């Protein structure tokens, strides 16, 4: 899992520009399609990569496993006469932690730094407010507008800069952990033998409104979906226990409810019982927060039953996130068990 996360988190994939991630996945899977019993692998109009994989038992109902490829970032919106870049955030980036952070912009990965008015010019009132995005800029070292436009153009997207690497006691830091963890779990499952046929969706544009998942859900039409995600953990100094949401190292989060979805209770019970039977650590959220592709999948057409497994991540949507490698492995084990339980549920029923 470690080396796979290193490779996935090194790829750039701001919402709407997931090409690098999708290419990595297809290059890894396509040459082994026959060996892995991949029955189809398609990219839809939005850019979702949808893969159907066979299994030991025939498919009785449609089961979808989904994770999103995109990450938060920035997009250039204009250039000042002095050569500084105006920009906006793509996805829900916390402005408090963006100031002074390095970014890479456009296909040439032009280096820049997010800047703000000098501290000695800030009045007392401004010190107490989180700066608005329109007061920030990106400095790429250009002396004027013309020089800046030779390097970047309005519409260019950028990612934060953070080397993906392990640290501490079994932890891993990187940008784009949300949701390359889910992508890693899906990829590992695709490279295993499964108990039944499963459809996998690597979705796009989750960070800007779960847009890709909606299209994928309409084309796949699953009865049930398991979303593999990350979720915010606030297990930090000074945070009251009931506001920590979940804890890094406490096992994957099995979702009951979040800001976008009320999850299927029977599926929640299945995941919980599987974790208990196998002695796997797991947890729920102690505070209702966040959302993911499940809300789009649940509401497509006539609806779908949804559940979610998430890895707790500190500093979500920041230049660097922190996750436990054990939590990621726990997600993989529990997702594998869920597929097996799903296959056994429909034994004896005739195939559709």
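What the table below lists for this structure:
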read-out	value
Of residues in the stretch 116-138 being exposed (fewer than 15 other Cβ atoms within 10 Å of the Cβ) and outside any helix (DSSP H, G or I), the one modelled with the highest pLDDT	132
Test set (1) surrounded by fewer than 22 Cβ atoms within 10 Å (Cβ to Cβ); (2) in contact with a strand residue (DSSP E or B) (Cβ under 9 Å, 6 or more places away or on another chain); (3) over 22 Å from residue 203 (Cβ atoms) - residue 304 fails condition number	(3)
Scan of the stretch 253-267 for residues that are in contact with a strand residue (DSSP E or B) (Cβ under 6 Å, 6 or more places away or on another chain) and under 22 Å from residue 326 (Cα atoms), ordered by number	253, 255
Condition check for residue 267: in a strand (DSSP E or B), assigned by TED's automatic domain parsing to the domain that holds residue 324 and within 22 Å of the chain's Cα centre (by Cα)	no
Condition met for residue 241 (in the same structural domain as residue 67 (by TED's automatic domain parsing) and in contact with a strand residue (DSSP E or B) (Cβ under 9 Å, 6 or more places away or on another chain))	no
In the stretch 212-233, residue modelled with the highest pLDDT [restricted to those that are buried (at least 22 other Cβ atoms within 10 Å of the Cβ) and more than 26 Å from residue 266 (Cβ to Cβ)]	212
Test: residue 260 is part of a loop (DSSP other than H, G, I, E, B) and touching a helix residue (DSSP H, G or I) at 6+ places or on another chain (Cβ under 6 Å)	yes
Filter result for residue 42 (more than 19 Å from the chain's Cα centre (by Cα), free of Cβ contacts under 8 Å to residues at least 60 places away in the same chain and assigned by TED's automatic domain parsing to the domain that holds residue 305)	yes
Verdict on residue 204 being under 14 Å from the mean Cα position of the chain (by Cα) and under 15 Å from residue 334 (Cα atoms)	no
The listed residue being part of a helix (DSSP H, G or I), touching a strand residue (DSSP E or B) at 6+ places or on another chain (Cβ under 7 Å) and modelled with pLDDT of 95 or more, out of 36, 29	29
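The values are calculated or read from the model by the stated rules, or taken from the named source; none is laboratory data. Just so you know, these numbers come straight off a predicted model, no measurement behind them. With ideal geometry, Cβ positions are generated from the backbone for all residues, glycine too; neighbour counts draw on all protein chains shown.
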